[in-house]
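Here, each number is a calculation from the coordinates, and none is a lab measurement. On a predicted model such as this, the values are computed, not experimentally measured, just so you know. So basically every Cβ, Gly included, is an ideal-geometry build from the backbone, and we count neighbours across all protein chains shown.
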Amino acid sequence: MVGLVFHHFASAAVGIAAAAALVRGIARHSAKTIGNFWADLVRVNLYLLLPMSIILSLVLASQGIIQNFKPYVRTTLVERTVDLPRKTDGTAQTIAQGPAASQVAIKMLGTNGGGFFNANASHPYENPTPLSNFIQMLSIFLIPSGLTYYLGRKVRSQKHGWAVWSAMAILFIATVLVCWRAESAGNPRLHALGVDPGGGNMEGKEVRFGIFNSSLFASVTTAASCGAVNSMHDSFTPLGGLVPLFNIQLGEVVFGGVGSGLYGMLIFIVLAVFLTGLMVGRTPEYLGKKIEAYDVKVSVLALLILIFSILGFSAWASVCRWGLAGLNNAGPHGLSEILYAFSSGTGNNGSAFAGLSANTPHYNVTLALAMLFGRFFMMVPVLALAGNMAGKKLVPPSGASFPVSGPTFIVILIGTVLVVGALAFLPALALGPIVEHFLMTGSRILY
């Protein structure tokens, strides 16, 4: 347990430290340093993650999440009716125990994901009430959302920080509405057979959370790099399942993981400023610093690492015997399962389309490499950008400077994220969940 807890805290602190380095690089000028990594690591753990985790653990325990060091309890089920006294039916059940509340707290705050129990955040001991469900979703976004305020404070432009937050929020709300709409509509084939006359798709969802809270949780956990789930994404409708996949492939910049979401969005901001400057004839300039060829190259390199890792490994698995052997579904849904696996691995998310049996040597190695590329290889160009930005001199603002706050900037930033970040994955998504959607709604039922 100590090993797991250490990595929960360390991984979150590393992401925040990398984001802080890039923000310092943007805020400083004519500087040769961007801070001390070890000092950042210690400060983030002692002043942020540990205090917040202790408080959240107590809140979650108050909702009924267990927190003990007891072994699993084995008991016999009891049946009771109105007319008869209690009697045992002889069926044995193993009741899980353990320090769940403390583990759930840091897995959510650090956007680490996974679950203490195998059923993850749908397990009644890990997520017992609607309030605990809301608190867990809120805690996933708490630090990534707050880092946009940190950005505004460091660069001395709170309007810029709020503009970045607004772009993230608009993208998030849009994905939630699409997922909720798709899941509420359900499967028309089941409607035609009279199997599901009520409408919505409840397959793979916990009854006490329902369609909306399941769709909201799926959008939150994949917009951030958190693999905690309270429903089975593999059981979503094609378009409902496309949303979590799409969120990850954006680079998880819609608030994103702790630290990684902010530095991922800052990469898109550099590209947005550069592309806008080219289109309108202005000098590409971001907060008083000129965006030059080196800055654009390292920014594009960071995105290419994600694209090649996700699409490269997915293409390899799709044409190899070892990749196809793990599928439980053929056709476009099988492609979606493979694509989701490597998107989740590269994005360090951890959620899955669980119809894929990935516990094989080939999948273990390729998914581990995808995690390595997506987490650490991407940090190299990010830190290179930070160092280069820190050494630049400030340029006095002029009429040619591009404003990085306000509605125009928000629209341009959202457009850059969608066009530059998502367009590369459109062909793969078209062959997977989009084709599956049209098969579900337009083809004949085969007997």
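Can you tally the net charge around Pro396? Count Lys and Arg as +1, Asp and Glu as -1, for every other residue whose Cβ sits under 13 Å from the Cβ of Pro396. Please list the in-between numbers first.
Working: positive: Lys289, Lys290, Lys393; negative: Glu285.
Here the count lands on +2.
What residues from the range 199-239 fall in the zone where the backbone N is under 17 Å from a label point 7 Å along the Cα-to-C-beta line of Gln93? Counting backbone N atoms under 17 Å from the label point, the list is 207-208. Computed from phi, the 3J(HN,Hα) profile of the range 261-278 under the Karplus parametrisation 6.51, -1.76, 1.60 (θ = phi - 60°) reads x, 5, 6, x, 5, 5, 4, 5, 5, 4, 5, 4, 5, 5, 5, 5, x, 5 Hz, with x in place of Gly and Pro. Counting only Cβ charges, +1 for Lys and Arg and -1 for Asp and Glu, the dipole size of the range 268-327 around its Cα centre is about 60 debye. Amide H contacts for Thr360 (H built 1.01 Å from N in the peptide plane; partners 5 or more residues away or on another chain; cut-off under 5 Å): none found. Roughly how many Å is it from the Cα centre of the range 52-79 to that of the range 181-236, as a whole number? Taking the Cα centre of the range 181-236 as reference, the centre of the range 52-79 is 27 Å away. Express in % the proportion of alpha carbon pairs of the chain at distances exceeding 40 Å. Percent of Cα pairs beyond 40 Å in the chain: 22. Over the range 266-417, the ratio between the Cα radius of gyration and 2.2 N^0.38 Å evaluates to 1.33.
Using the Cα gyration tensor of the range 217-304, with a ≥ b ≥ c the square roots of its eigenvalues, what is the shape: rounded (a/c below 1.5), prolate (a/b larger than b/c) or oblate (neither)? Mind showing how you got there, number by number?
Working: a/c = 3.37, a/b = 2.54, b/c = 1.33.
Note, shape of the range 217-304 comes out prolate.
Ranking Gly114, Val176, Tyr125 by Cα position along the charge dipole of the range 37-193, where only Lys, Arg, Asp and Glu carry charges on their C-beta atoms, puts Val176 farthest toward the positive end. Projecting the Cα atoms of Phe246, Pro433, Gly391 onto the charge dipole of the chain (Cβ charges, centred on the Cα centre) puts Gly391 farthest toward the positive pole.
Based on Cβ point charges of +1 for Lys and Arg and -1 for Asp and Glu, what charge dipole magnitude is obtained for the chain about its Cα centre, in debye rounded to the nearest 20?
Values: 27 positive and 16 negative charges, 269 e Å.
The dipole magnitude comes to about 1300 debye.
In order along the range 110-118, phi translates into HN-Hα couplings of x, 6, 7, x, x, x, 5, 9, 5 Hz, rounded to whole numbers, per the Karplus curve 6.51 cos²θ - 1.76 cosθ + 1.60 with θ = phi - 60° and x for Gly and Pro.
Extension gain, Ser318 to Arg153: 0.36 nm times the residue separation minus the Cα-Cα distance gives 54.8 nm. Under 5 Å from the amide H of Tyr286 lie the amide H atoms of Ile291, each residue being 5 or more positions distant or on a separate chain, with H modelled from the backbone and absent for Pro and chain starts.
Tell me, which longest segment in the chain has none of the trypsin sites (Lys or Arg not before Pro) that fall in DSSP loops with at most 13 further Cβ atoms within 10 Å? Intermediate values should be presented prior to the final figure.
Details: sites that count: Lys32, Arg80, Arg86, Arg156, Lys393, Arg444.
Between exposed loop sites, the widest span is 157-392.
Distance from the C-alpha centroid of the range 249-280 to that of the range 96-166: 21 Å, rounded to the whole angstrom. Quick one: helix 331-346 against the long Cα principal axis of the chain, what's the angle to the nearest 10°, folded into 0 to 90? The answer is roughly 60 degrees.
Can you compute the charge dipole magnitude of the range 142-221 about its Cα centre, using +1 on each Lys and Arg Cβ and -1 on each Asp and Glu Cβ, nothing else charged? Give it in debye, rounded to the nearest 20. Provide the component values of the computation, followed by the final result.
Numbers: 8 positive and 4 negative charges, 121 e Å.
The calculation lands at about 580 debye.
Working from the Cα coordinates of the range 1-45, the gyration tensor eigenvalues give, after taking √(5λ), semi-axes of 26, 9, 6 Å in decreasing order. Near Ala228, the amide H atoms lying under 5 Å from its own belong to Gly113, Gly114; only residues 5 or more places off or on other chains count, and H is placed 1.01 Å from N.
Across the range 169-174, rounded Karplus estimates of 3J(HN,Hα) from the backbone phi angles (6.51 cos²θ - 1.76 cosθ + 1.60, θ = phi - 60°) give 5, 5, 4, 5, 4, 4 Hz, Gly and Pro being marked x.
With helices as the sole contributors, the chain gives -18500 deg cm²/dmol at 222 nm; each DSSP H run of n ≥ 4 counts as -39500 (n - 2.57), and the sum is divided by every residue. Pairs of Lys residues in the chain are counted when their Cα atoms are under 28 angstrom apart and they lie 8 or more places apart or on different chains; the count is 28.
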